[in-house]
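Below: the structure, in structure tokens.
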Amino acid sequence: MKRHEVLVIGAGPAGLSAAIEAAKNGMDVAVFDENARPGGQLFKQIHKFFGSKEHHAKERGFNIGKDLLKEARDLGVKVYLDATVMGIYYDKEILVNHNGEVDHFKGDTIVIATGAAENMVSFKGWDKPGVIGAGAAQALMNLQGVQPGEKILMVGSGNVGLVVSFQLLQAGCQVAAVIDAAPRVGGYGVHASKVARTGVPFYMKHTVVEALGEDKVEGAVIAEVDDHFQPIPGTEKTLDVDTICIAVGLSPMSQLADNAGCEMKFLPKKGGNVPVVNEYNETSMDGIFCCGDVAGIEEASSAMLQGKIAGSTASYKNGYIDEDEWQQSVEKYRASLEQLRTGMFAPQNKGRTDMTETDEGIPLSKSLLAKGYVTDEELAEFPACSTKVSGVHPVIECTQNIPCDPCQDACKFGCIKVGSNISKLPVINPEATCTGCGMCIASCSGQAIFLVNEDYEDGFATVALPYEFLPLPQAGDKGKALDRSGKPVCDAEIVSVKSSKVMDMTNILTMKVPVEYAGTARFYRA
């Protein structure tokens, strides 16, 4: 039998964070993961995180994964890969299938951080090659460098579906449509907007009926659904696609917690059958913790903080830190976690469809929820979206209460304010002067900030926008400017392309357009 004080099951963001916190306090920690490489979902995530600086905001997931791994290794955490935990037994003992052999481990504390599995929907032909989960698509693109297909139908408009749709576009794929049986877009509006302005249509209240083709996907039939989510005859549409990507939610992988004897409860808002945990993420079994998606589906930023709380509590219970040090660390991590659990997308609001306005009392965009983009008329309600200002100035098309404030930190001149509540809508400080540096654009995780100058030339304005596609346009290139719906609205000429290491691969394209399109031109197509 091999022994470590802390046994962590799962080397994703929650598990690594728990391991690091316990190891920092002097504990002997081992992490087990069934995969060939640690990091969980982080290495698939090439987008920038939301939140504040303490939540790794504006950092890309794979870079966060690298940092966590390095910190764990520097602290002496032992990581077992290709190691499947087969069961948890009496007195904190586990059996592990590792390198073709079964090993027996014992610990004083067990942290279960096994994450979640993708849900699937069944339809005619759903078992054909070419029907894949969004996680598989991410793995192919971002880990293997392989396009999942050429023409993709995305089923699901939650954050996973929206983020993966954008990454498919970045990988050179065509996204034929984003569909969802729900009546409104489920993920962040800024994620939907950056997909919509490339020209991808959204079909809410639609489902996939059939995958066409003999031996592989050669098309998809979608149809509108009624209030009971049943296809309405006569509303079918056929889409020319070779891949159907499924992003219809996640279910906690809580089998080990159940096997260990933890009290379980079925909670739809948490994603399904989950262990009951206290405020320190400890289960009903003394010394067994569950954190991350296994305890309820949330973002990776939340999972990391839950892991830290579990690791700190394990350190205290085993005598490695005193009560004051434990309480201080837990209070700090809990306060940070609560910041992420505010706003429209807080866990307690999951599944709600009755919200009609922001925390500031501004009506929510009906077009955004139905089509993925905000109309000009709706944007006029948001003070940070005005283009009627002289000189270069930011236009912030962030219209939902999302916990995120990198824009505030990015502007060293105080042009943008969010305040201490990071879920508040950003506002423009009228007393500050914008220098046009573009750091707010590069720092915005939702790619929702633009720099507009209506005084550029007689009859012409410039619009600076975030751009993360290849090949990168060059100054002097001419193409079309697209509006928020992805419709070409005018000719555009690239004035400048700004790239720097500090912008972390978000390039700033500045295009010249007729001045009357300064408020509508939001994307460039060669």
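Please name which of ALA410, GLY459, PRO430 has its Cα lying farthest along the dipole of the stretch 374-525 towards the positive end, using unit charges on Cβ (Lys, Arg +1; Asp, Glu -1) and the Cα centre as origin.
Result: ALA410, furthest along the dipole toward the positive end.
Rounded to the nearest 500, what is the 222 nm mean residue ellipticity of the chain from helices alone, with -39500 (n - 2.57) per DSSP H run of 4+ residues and division by all residues?
Dividing the helical sum by the residues of the chain leaves -6000 deg cm²/dmol.
Using the Cα centre as the reference, give the magnitude of the dipole from point charges on the C-beta atoms of the chain (Lys, Arg: +1; Asp, Glu: -1; all else neutral), rounded to the nearest 20 debye. Write down the numbers at each step before the final one.
Numbers: 49 positive and 67 negative charges, 149 e Å.
Using Cβ point charges on Lys, Arg, Asp and Glu, the chain gives about 720 debye.
I'd like to compare 316-323, 504-511, 226-233: which one has the highest average count of other Cβ atoms within 10 Å, and what's the full order after that?
On the way: 316-323: 14.8, 504-511: 20.6, 226-233: 10.4.
Highest to lowest by the protection proxy: 504-511, 316-323, 226-233.
Just order 460-467, 495-502, 83-90 by mean Cβ neighbour count inside 10 Å, highest at the front, would you? List each step's numbers first, then the result.
Numbers: 460-467: 22.8, 495-502: 13.5, 83-90: 15.8.
The most tightly packed comes first, giving 460-467, 83-90, 495-502.
Would you be so kind as to identify which of VAL8, MET439, VAL274 lies farthest towards the positive end of the dipole of the chain, taking Lys and Arg as +1 and Asp and Glu as -1 on Cβ and the Cα centre as origin?
MET439
Taking the Cα centre of the stretch 145-243 as the origin and placing charges on Cβ (Lys, Arg +1; Asp, Glu -1), which of ALA192, VAL225, THR238 is farthest toward the positive end of the dipole?
Result: ALA192.
Determine the equivalent ellipsoid of the chain by diagonalising the alpha-carbon gyration tensor, then write out the semi-axes as square roots of 5 times the eigenvalues, largest first, rounded to whole Å. Mind showing how you got there, number by number?
Details: eigenvalues 331, 159, 86 Å².
In descending order the semi-axes read 41, 28, 21 Å.
When the dipole is taken about the Cα centre of the stretch 374-525, and only Lys, Arg (+1) and Asp, Glu (-1) are charged at their Cβ, what size is it in debye, to the nearest 20?
On the way: 13 positive and 19 negative charges, 84 e Å.
In debye, rounded to 20, the stretch 374-525 gives about 400.
Going through the cross-link list LYS2/LYS24; LYS151/LYS498; LYS2/LYS53; LYS44/LYS424; LYS124/LYS269, which pairs have a Cα-Cα distance over 27 Å in this structure? Provide the component values of the computation, followed by the final result.
On the way: LYS2/LYS24 22 Å; LYS151/LYS498 31 Å; LYS2/LYS53 39 Å; LYS44/LYS424 29 Å; LYS124/LYS269 29 Å.
The pairs that break the limit, which is 27 Å between Cα atoms, are LYS151/LYS498; LYS2/LYS53; LYS44/LYS424; LYS124/LYS269.
With a ≥ b ≥ c the root eigenvalues of the C-alpha gyration tensor of the stretch 40-161, is it rounded (a/c under 1.5), prolate (a/b larger than b/c) or oblate? Kindly include the intermediate steps, with their values, before the conclusion.
Working: a/c = 2.21, a/b = 1.37, b/c = 1.61.
Oblate, since a/c reaches 1.5 and b/c is not below a/b.
Tally Lys/Arg at +1 and Asp/Glu at -1 over every other residue whose Cβ is under 11 Å from the Cβ of GLY391; what's the total?
Working: positive: none; negative: GLU454, ASP455.
After counting each charged neighbour, the total is -2.
Counting DSSP beta bridges in the chain, what percent are antiparallel, to the nearest 5? If you can, show how the numbers build up before the last one.
Working: 63 of 96 bridges.
The antiparallel proportion sits near 65 percent.
Cβ under 14 Å from LYS124's Cβ, LYS124 left aside: what net charge do those residues give with Lys, Arg +1 and Asp, Glu -1?
On the way: positive: LYS128; negative: ASP127, GLU210, GLU214, GLU218, GLU236.
Charge balance near LYS124 sits at -4.
Hey, got the dipole for the stretch 131-246? About the Cα centre, +1 on K and R Cβ, -1 on D and E Cβ, debye to the nearest 20?
Working: 7 positive and 12 negative charges, 121 e Å.
So the magnitude is around 580 debye.
Given N residues in the stretch 190-328, what is its alpha carbon radius of gyration divided by 2.2 N^0.38 Å? Numbers along the way, then the final one.
Details: Rg = 22.2 Å, N = 139, 2.2 N^0.38 = 14.3 Å.
Here the Cα radius of gyration is 1.55 times the empirical estimate.
State the extension gain, in nm to one decimal, for the chain segment bounded by LYS332 and GLU150, taking 0.36 nm per residue of separation less the distance between their alpha-carbons. Walk me through the numbers on the way to the answer.
Values: separation 182, 0.36 × 182 = 65.52 nm, distance 4.62 nm.
Here the segment from LYS332 to GLU150 would lengthen by 60.9 nm.
Taking amide hydrogens as modeled 1.01 Å from N in the peptide plane, which residues meet the under 5 Å criterion relative to CYS404, leaving out close sequence neighbours?
For CYS404, whose amide H was placed from the backbone, the distant partners under 5 Å are GLY51, SER423.
Convert each backbone phi in the stretch 297-312 into a coupling constant with the Karplus relation 6.51 cos²θ - 1.76 cosθ + 1.60 (shift: θ = phi - 60°), then list the ³J(HN,Hα) values in order as whole Hz, x for Gly and Pro.
Going residue by residue, I get 5, 9, 7, 4, 4, 5, 4, 5, 5, 4, x, 5, 4, 5, x, 5 Hz, with x marking Gly and Pro.
Could you please report the charge total around LYS371, scoring K, R as +1 and D, E as -1 over all other residues with beta-carbon less than 13 angstrom from its beta-carbon?
Numbers: positive: ARG184, ARG197, LYS205, LYS366, ARG484, LYS487; negative: ASP180, GLU378, ASP483.
Its environment carries a net charge of +3.
Provide the percentage of antiparallel DSSP beta bridges, counting only those with both residues in the stretch 1-123; round to the nearest 5. Mind showing how you got there, number by number?
Working: 13 of 26 bridges.
The antiparallel proportion sits near 50 percent.
Viscosity 0.890 mPa s, temperature 25 °C: what is the translational diffusion coefficient of the stretch 260-402 from Stokes-Einstein with a Kirkwood Rh over Cα pairs, rounded to a whole number of µm²/s?
Numbers: Rh = 18.2 Å.
Value of D from the Cα-based Kirkwood radius: 135 µm²/s.
Debye sum, Cα scatterers, the stretch 435-526, no solvent: what log₁₀ I/I(0) at q = 0.12 1/Å?
Normalising to I(0) and taking log10 leaves -0.31.
What is the log10 of I(q)/I(0) for the stretch 374-525, computed with the Debye formula using one identical point scatterer on each Cα and no solvent, at q = 0.15 Å⁻¹?
Treating every Cα as an identical point scatterer, log10 I(q)/I(0) equals -0.73.
Give me the percent of DSSP beta bridges within the stretch 131-246 that run antiparallel, rounded to the nearest 5.
Numbers: 10 of 25 bridges.
Taking every DSSP beta bridge with both residues in the stretch 131-246, the antiparallel ones total about 40 percent.
Arranged from highest to lowest average of other beta-carbon atoms within 10 Å per residue, in what order do the peptides 67-78, 293-304, 251-262 appear?
Numbers: 67-78: 16.6, 293-304: 26.0, 251-262: 19.5.
So the order, starting with the most tightly packed, is 293-304, 251-262, 67-78.
Rg(Cα) of the stretch 131-246 divided by 2.2 N^0.38 Å?
On the way: Rg = 13.4 Å, N = 116, 2.2 N^0.38 = 13.4 Å.
For the stretch 131-246, the normalised Cα radius of gyration comes out at 1.00.
Taken together, the values in this text are just the output of simple stated rules run on the coordinates, not laboratory data. All values derive from a computational prediction rather than experimental measurement. Positions of Cβ are backbone-derived with ideal geometry, glycine not excepted, and every protein chain shown enters the neighbour counts.
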